[in-house]
Every structure is written in structure tokens, then in C-alpha cells.
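For reference, the structure discussed in these notes is given below.
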Amino acid sequence: MRILVVASTFPRRPGDTEPPFVFELCRRLQNRGVTVDLIAPHAPLAKTMEVMDGTNVYRYRYAPESLELLAYQGGILANLRRHWYAFLLVPGFLLLQGLAVRRRLQAEKYDLVHAHWIIPQGLVCVLVSLMCARGNRVPIVCTSHGGDLYALRGWPFSSIKKFVMKRLAHLCVVSRAMQDFSITLGMKPENISVLPMGVDLKNTFRPMVNTARHENRLLFVGRLVEKKGVTHALEAVAILKKSIPDIELLVVGDGPELPALQQKITQLGLEQNVKLAGSVRNTDLPGLYSSAAVFVMPAVVDSRGDQEGFGLVLVEAMGCGCAVVASDLPPIRDIVQHGQNGLLTEPGDAKDLADKIRKLLQDRELRTRLATKGRESAGRFDWDETTTQYHKLFARMLS
């Protein structure tokens with residue numbers, strides 16, 4: 001089996017801070033005998049072609065290197081909100097991605113194309129496919145990760161998504177809530193699979209025995225965008241500070257909300273309680289998860305209708321034995337069952353979030369029990385299971 005993967009998020013170099021889930025899936029499929037070629041946008045200091053752990057990576061240039069700022073560093077949508085002039089890069093980005101896909105399809109014989117995100121990769125791959133002679137078209141499987149499905153609403157995006165979905169061989173989504181939403185856009189249930197990305201729970205995301213947990217340390221990991229709800233975590237810390245003066249929140253990540261969060265920290269007088277750590281290498285995350293008493297994910301539905309597609313960081317934290325508090329949103333319920341392996345809180349309600357955090361910090365027995373159950377329940381999201389399901393799906397598409 002030979003597949004062509006097209007994505008806009010992929011490690012730019014070894015030890016990168018970019019989410020590695022596309023790379024991990026490619027690498028693990030390679031280990032099962034699948035030949036994988038990948039197309040991704042170029043970025044400053046990245047190579048235009050290299051082999052990463054057996055995967056041939058082709059990066060296309062879409063602007064002068066100093067202006068290649070549309071992808072990475074939080075994702076396309078976040079960068080469009082951060083830099084108004086990034087909109088000027090979109091036409092070239094789409095055109096040159098399409099040319100890169102077409103060149104690969106002309107150079108090699110692929111069994112299928114796997115596009116990550118409906119827009120833009122799914123759209124580009126469908127358009128390139130329509131330009132090919134009918135007998136030469138390669139089936140397209142697309143994985144939606146959340147933002148492309150939830151955030152891009154209204155005309156013309158809903159019409160574009162329906163156009164793409166109609167021409168896919170199969171659609172993968174990372175949560176059951178996304179499956180339901182896809183059906184409302186006209187996707188047939190039998191052509192949808194719920195396949196969340198995986199976490200390496202055996203070798204990487206597991207409790208680090210030599211790392212001590214800080215009793216009053218909270219941890220957040222994620223992009224600093226509105227839907228992550230970090231501002232509500234700051235408000236919760238301000239409430240908790242009155243009874244727990246030494247409470248600490250470590251915020252790991254970067255994004256367009258950073259200036260607003262810095263201002264919020266000053267307004268609430270949390271300079272001694274909140275640390276903005278910025279982006280860190282993925283290899284450093286297990287140590288951070290293992291050092292925190294509680295991991296918080298205060299996600300919300302943002303002003304554009306975007307929300308979490310799944311919440312992979314929750315699985316990472318649970319794998320490292322950290323108790324979790326997360327917002328009660330449909331995609332998150334796939335991971336956290338309230339009172340069984342974590343606590344759920346009302347989205348956007350800082351007081352409720354503070355109450356749930358206080359409950360865990362003051363009840364070590366409850367915290368330990370939920371963390372233990374969390375570690376056990378996270379096992380169903382291990383990469384071995386995810387890779388097996390994707391391999392079966394691809395084989396079924398070809399048969």
C-alpha cells in the first residue's frame with residue numbers, strides 16, 4: 001500500500017514544538033508496511049525535501065521564506081486572525097499546494113490520498129482529483145480535526161464543505177459529536193468513521209516516577225486561542241487564590257490571545273500565581289504533566305462557533321497520571337466521564353471551574369482515584385489502536 005498524505009501541520013524539524021500527530025500516524029503506518037509520502041507547507045529553516053523516520057516529506061514554497069507565516073505557530077485560522085496580511089497568502093498557498101499534490105500524483109502511483117482537514121487540504125485534493133482523467137483518480141480519505149468542521153460556517157464555507165464531503169471516499173472525525181455534525185452537512189453515516197488521533201501511552205506519556213507533583217500546581221497545555229478558554233482559568237485562579245495563596249497555574253502554549261492574557265494576569269494581580277511558559281518541545285510535556293496536581297481544559301464554544309474537536313492533551317495528561325478538570329462539551333465527553341475518570345465543569349463558568357479544582361486539591365484521595373481511573377481509561381486512545389483502525393480502513397477502501 002502506498003499513500004499520499006497532505007497536511008498543514010507537521011514537524012518542521014526534529015524536536016519541533018508543532019503537534020506531531022500527523023507525523024506519528026505516518027511513522028506507525030510505515031512500521032506496518034505502508035509506504036507514506038507527505039506534502040506539507042514549507043517554513044523558515046525547514047528543508048524542502050527530507051526523509052523523517054521513513055516518511056518522504058515534500059514541503060512546497062508558497063511565498064518568500066520570511067513571509068511563510070500562514071501555517072504552523074497555532075494553525076492557519078489563528079494566523080489569519082493574528083496577521084491581516086496573511087489573507088494575501090491564501091491564493092498562493094492553495095495553488096501551490098495543488099501543484100505539489102498534482103506533481104506527486106504524476107510522479108508516483110498511489111493507492112489513496114489521505115488529507116488532514118476538510119479545508120484547505122480536502123478541498124485542494126478534491127479539485128486536483130477532478131482535473132485527472134476519471135480512470136486515474138485516486139480515492140481520497142479526509143480526517144477532520146475540529147476547527148475545519150466547526151469554525152468555518154455560513155456561506156461559502158458550508159457549501160464548500162458539502163462539495164468536498166460529497167466527493168470523498170471516506171471521512172474520519174475525531175469525536176462522536178463531530179460525526180453527528182458531519183451528518184447534518186449531508187455526509188452519509190456509513191461513510192464516516194470516528195478515529196481520534198492517538199497518544200503514545202506505553203513509552204512517552206506515562207507517569208515519571210522521578211518527578212514530584214506540586215500539590216497546588218495547575219497545568220494548561222494548548223494553543224492560546226479563544227476556544228481554549230484560558231481566560232476562564234485565570235479567573236478561576238483569582239478566586240482560588242483567596243483560600244489557596246500559593247496556587248500556581250502553568251500555561252504552556254502560544255497564540256494570538258497571548259497579549260490579552262498578559263493584560264488579564266495584570267488586572268487580576270496574578271503575576272506571582274500564573275506563569276506563561278510559551279511553546280515547549282513535545283518531549284518536555286510528560287515531565288510537565290507529571291509535575292502538576294491538576295490539568296485544566298476550560299474549553300468553550302468561541303464567538304465564531306469553533307470548539308474542540310477532541311482534546312488530545314487530556315489523554316496525554318491522563319496517561320501521565322494527572323487528574324483532569326475539563327469543560328462539559330460533547331467532544332470532551334468521549335474522553336472524560338464526570339466523577340469516574342475526571343471532573344467536568346460548565347463551559348465559561350469560572351466559579352464552577354474553581355469549585356471543581358478546589359475539590360481535587362483538597363481531597364487527595366479523590367484526586368488519586370480519578371487519576372488512576374484516568375490512566376486506565378486513556379488506554380483506548382493509544383497509538384497502537386488508532387494505527388490499527390486506520391490501517392483497516394485504508395485496506396477496506398482499497399478492497
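What follows draws every value from the coordinates through simple rules; no lab data is involved. Model, not experiment: these values are computed from the prediction. Virtual Cβ from ideal backbone geometry, glycine too; neighbours counted across all protein chains shown.
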- request: Mind listing the long-range amide H neighbours of residue 345? Cut-off is under 5 Å, sequence gap 5 or more, other chains count too, H placed in the peptide plane at 1.01 Å from N.
  value: 326, 327, 328
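List 172, 132 from most exposed to least, where exposure is judged by having the fewest other Cβ atoms within 10 Å.
On the way: 172 24, 132 13.
In order of increasing Cβ crowding within 10 Å: 132, 172.
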Fewest-first ranking of 336, 194, using other Cβ atoms within 10 Å as the exposure measure: 194, 336
- line: Here, trypsin sites (Lys or Arg not before Pro) of the range 80-180 satisfying both criteria (DSSP loop; at most 11 other Cβ within 10 Å) are 109
query: Label-point separation (nm) for residue 159 and residue 107, each offset 7 Å from Cα along Cα-to-Cβ?
result: 3.6
query: Given 0.36 nm per residue, what is the gain on full extension from residue 365 to residue 388 after removing their alpha carbon distance, in nm?
result: 4.7 nm
query: What residues qualify as long-range amide H neighbours of residue 172, i.e. H under 5 Å apart, gap of 5 or more or another chain, H built at 1.01 Å from N?
result: 142, 143, 144, 193
query: At what distance in nm do the modelled label points of residue 351 and residue 130 sit from each other, each positioned 7 Å from its Cα along Cα→Cβ?
result: 5.2
query: Using a Förster distance of 25 Å, how high is the FRET efficiency between residue 31 and residue 169, based on the Cβ-Cβ distance and rounded to 0.05?
result: 0.55
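Using helices alone, I'd like the mean residue ellipticity at 222 nm for the chain: each DSSP H run of four-plus residues gives -39500 (n - 2.57), total over residue count, nearest 500.
Values: 14 runs with 147 residues, N = 399.
Calculated mean residue ellipticity at 222 nm is -11000 deg cm²/dmol.
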message: Output wanted: per-residue J couplings in Hz (rounded whole) for the range 73-84, from phi through Karplus 6.51 cos²θ - 1.76 cosθ + 1.60, θ = phi - 60°, x for Gly and Pro.
response: 6, x, x, 4, 4, 5, 6, 5, 6, 7, 10, 4
query: Expressed in nm to one decimal, what extension gain is obtained for the pair residue 399 and residue 1 from 0.36 nm per residue of sequence separation less their Cα-Cα distance?
result: 142.1 nm
query: In terms of modelled amide H atoms, which long-range or inter-chain residues lie less than 5 Å from the amide H of residue 39?
result: 5, 6, 7, 58
